[in-house]
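First up is the structure itself, then whatever we jot down about it.
A short reminder: the numbers here are calculations on the coordinates, not readings from a lab. What you see is a predicted model; the values in this text were computed from it and never measured. Don't worry about glycine lacking a Cβ; one is built from the backbone with ideal geometry, like all the others, and counts go over all protein chains shown.
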Amino acid sequence: MKTFCDYKPPFTEKQYVTRDFTKGGGMSSEFLSIGLRQYATADEANAAFDAMADAIGSCPGDTFQGTELTYAPMSAPKIGDASVGVRITADGTDLLQFFVLTGPTIIRTGGGRPHERQPRRGHQASRSAARRLRDGSHELNDGRPPGPPRRTRTISKATAER
């Protein structure tokens, strides 16, 4: 699995599911994606989230399958235990990805339009998935309610320039 600048996650998720959607076609197409990574414990998920957030904040770009990618940390909806966002630019197209930590699960959402530099809906999918986990869909949490209140994860330009 490709990671930001090939950082090494401290733990491997126990379960990983993803679903991609394409709406429309041609010049008006829109791409949406969601993924869930569940770890053995909330502590493992927390460590994996921190490692990923540090990589997003310290890596300005990468190459994937011959395509140059540029990463720009950005704010994310204040949901879950922690959240972080990244704008990924490739071939003049932007893709927004948001990551939300909630208990032992990291939720990833992303979206963009191939012909538009202002992707939409990614943050709405993050908010919706986190709300469903918080409000009673605890299957991903082994039947337990979500963990303690969220903490804020901010990636500053100083962190990004490390």
Checklist entry - Taking a ≥ b ≥ c as the square roots of the eigenvalues of the Cα gyration tensor of the range 12-111, is the shape rounded (a/c under 1.5), prolate (a/b larger than b/c) or oblate? => result prolate
Next on the checklist: At q = 0.19, 0.20 Å⁻¹, what log₁₀ I(q)/I(0) does the range 52-102 have when each alpha carbon counts as one equal point scatterer in the Debye sum?
Outcome noted: -0.62, -0.68
Item to check | Calculated FRET efficiency for the pair T63/T41, C-beta based, R₀ 45 Å, to 0.05 | outcome: 0.85
Checklist outcome for this item: Contour minus Cα-Cα span, R19 to T93, at 0.36 nm per residue, comes to 24.6 nm
Next on the checklist: Per 0.36 nm of contour for each residue apart, how much would the distance between K8 and S28 grow if the chain were fully extended, relative to their Cα-Cα spacing?
Outcome noted: 3.5 nm
